[in-house]
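The values are calculated or read from the model by the stated rules, or taken from the named source; none is laboratory data. The structure presented is a predicted model; accordingly, all values stated were derived computationally and were not measured. Neighbour counts run over all protein chains shown; Cβ positions are idealised from the backbone, glycine included.
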Amino acid sequence: MEWPDQLFDCSEKRKAVMELNAILNLLADGEFHSGAELGEVLGVSRTAVWKHLQKLEPLGLPLTSVKGKGYCIEGGLELLEANRITDAMNSAARGLIGELDIQSVTDSTNEQALAKGRSGYICLAEQQTAGKGRRGRQWVSPFGKNIYLSATWGFEGGVAALEGLSLAVGVAIVTALERCGLGGVQLKWPNDVLWQQRKLAGILLEMSGDVDGYCQVVVGIGLNVSMPAQAGGAIDQAWVDVESIAREQGHAPVSRNQLVSMMLSELLPMLQNFQQQGFAAYRERWESLDAYRDRPVVLSTASNRVSGLALGVSETGALRVSVEGREQLFNGGEVSLRREGSS
Ligand code: BTN
């Protein structure tokens with residue numbers, strides 16, 4: 001795993017990164033490990049172990065220390081592992097990965113992917129310090145609990161060829177979640193993934209390159225997997241995580257590595273197909289997952305608020321709304337359900 005430079009003295013960084021990762025791997029089992037044991041396994045002093053453990057606290061990891069027993073991360077931790085992710089992928093999707101970069105702490109996986117700009121580059125992080133949501137919002141990104149994934153893909157034909165892409169990404173995510181055993185996951189235009197009207201995942205597409213020619217798209221996905229209550233308190237809308245859905249549906253907890261495998265297995269072939277097929281190939285499936293279909297909605301744009309009945313989406317992914325009996329198409333804006341009795 002990669003760690004940010006400022007955590008380490010540069011000359012020592014490589015060694016320190018290996019030690020910190022080894023400590024995390026040992027503590028990931030949720031059991032107690034004494035300072036002596038950790039030091040012995042790593043071949044470092046107890047003081048060095050203690051210094052590393054200090055770095056875990058600011059990450060929000062619930063480190064417990066009990067005299068005579070040692071240290072443990074309550075509830076354990078499943079770290080992301082490249083081999084576990086790629087081994088569970090089908091070979092066609094695996095072949096579409098250019099680079100699988102798993103970072104420990106980063107500003108934003110989308111920022112990393114934008115900087116790399118290479119088709120097939122996948123960035124995952126255990127934590128984001130500046131996770132970006134849509135409309136300038138922050139994406140709450142605590143360490144080791146959720147999934148923060150960005151994939152870069154190159155497209156010919158400029159922005160026009162990308163119409164509906166974020167909706168197709170939503171379809172890929174729902175399919176992946178279904179393959180992990182979760183039912184009832186729906187989509188809200190343009191690109192929210194919901195369960196029982198609560199937000200489970202968000203999608204943020206960012207572009208660079210030529211608006212009329214070849215462009216690179218960064219597909220950023222944030223999936224709430226096991227959101228700690230404290231971090232969840234900072235989210236300003238109704239949310240849900242995979243863990244609570246699985247519990248409610250009587251499933252065992254779903255592994256983060258498995259979720260990433262399934263998401264990449266759906267996402268990468270979709271990105272490859274999208275250039276040829278466009279959104280038309282995903283429209284029917286999107287509509288079958290539409291959380292707001294035939295429901296009264298309010299669409300808020302920068303300059304306007306429109307009330308109507310949601311009719312689904314067009315072939316290019318625009319939202320169809322019946323306003324006073326006439327169908328209108330919308331390419332941007334925020335949709336919410338209209339409450340009974342409001343106009
Ligand atoms: C939304 O507001 O619904 C979009 C949220 C997108 C969050 C993801 S997390 C991975 C990637 N990196 C970011 O900084 N944002 C996206």
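When region 184-215 is limited to residues that are part of a strand (DSSP E or B) and small (Gly, Ala, Ser), the one that is surrounded by the most Cβ atoms within 10 Å (Cβ to Cβ) turns out to be Ala201. Glu74 falls short on exactly one of the conditions (1) surrounded by fewer than 16 Cβ atoms within 10 Å (Cβ to Cβ); (2) without any contact (Cβ under 8 Å) to a residue 24 or more places away in the chain, and that condition is (2). The set of residues from region 216-259 being among the β-branched types (Val, Ile, Thr), in contact with a Lys or Arg (Cβ under 9 Å, 6 or more places away or on another chain), part of a loop (DSSP other than H, G, I, E, B) and in contact (Cβ under 8 Å) with a residue 60 or more places away in the chain comprises Val225, Ile235. Contact map, region 186-202: first residue closer than 12 Å to Gly222 by Cα, second residue more than 11 Å from the ligand (Cβ to nearest atom) and part of a loop (DSSP other than H, G, I, E, B), Cβ cut-off under 8 Å, separation 6 or more or different chains; pairs are Lys199/Ala238; Lys199/Val240; Leu200/Val240; Leu200/Asp241.
Every condition in (1) under 17 Å from Ile173 (Cβ atoms); (2) among the basic types (Lys, Arg); (3) outside any strand (DSSP E or B) holds for Arg293 except the one numbered (1). Set side by side, the residues Arg137, Arg118 differ, and just one is surrounded by fewer than 24 Cβ atoms within 10 Å (Cβ to Cβ), of a type in the set (Lys, Arg) and closer than 30 Å to Ile73 by Cβ, which is Arg137. Scanning region 195-215 for residues that are within 11 Å of the ligand (Cβ to nearest atom) and under 19 Å from Gly164 (Cα atoms) gives Ala201, Gly202, Ile203, Leu204, Leu205, Glu206.
Tell me, which residue of region 8-23 that is hydrophobic (A, V, I, L, M, F, W, C) and at pLDDT 65 or above is surrounded by the most Cβ atoms within 10 Å (Cβ to Cβ)?
Ile23
Looking for whichever is surrounded by fewer than 21 Cβ atoms within 10 Å (Cβ to Cβ) and more than 30 Å from Pro58 (Cβ to Cβ) here; the options are Gly250, Gly232. Which one fits?
Gly250
Can you tell me which condition Leu61 does not meet? The list is (1) closer than 17 Å to Gly222 by Cα; (2) out of contact with any Lys or Arg (no Cβ under 7 Å at 6 or more places or on another chain), and all the others hold. Result: Leu61 passes all but (1).
Gly181: assigned to a loop (DSSP other than H, G, I, E, B), touching an Asp or Glu at 6+ places or on another chain (Cβ under 7 Å) and of a type outside the set (Ser, Thr, Tyr), yes or no? Answer is no for this residue. In summary, helices (runs of 4 or more DSSP H) completely within region 38-129 and bearing 2 or more residues that are away from the ligand (no atom under 16 Å from the Cβ) occur at 46-56, 82-87, 91-94. Taken as a whole, the structure leaves Arg320 outside the set of residues that are over 17 Å from the mean Cα position of the chain (by Cα) and assigned to a helix (DSSP H, G or I). Residue by residue through region 140-161, note down the ones that are surrounded by fewer than 20 Cβ atoms within 10 Å (Cβ to Cβ) and in contact with a strand residue (DSSP E or B) (Cβ under 8 Å, 6 or more places away or on another chain). Correct list: Gly154, Gly158, Val159, Ala161. Does Glu334 satisfy the criteria of being at negative phi and surrounded by 12 or more Cβ atoms within 10 Å (Cβ to Cβ)? Against the criterion (at negative phi and surrounded by 12 or more Cβ atoms within 10 Å (Cβ to Cβ)), Glu334 qualifies.
A residue that is in a loop (DSSP other than H, G, I, E, B), within 14 Å of the ligand (Cβ to nearest atom) and buried (at least 23 other Cβ atoms within 10 Å of the Cβ) cannot be found anywhere in region 165-173.
Within region 130-154, the set of residues being within 20 Å of Leu177 (Cα to Cα) and away from the ligand (no atom under 12 Å from the Cβ) comprises Gly144, Lys145.
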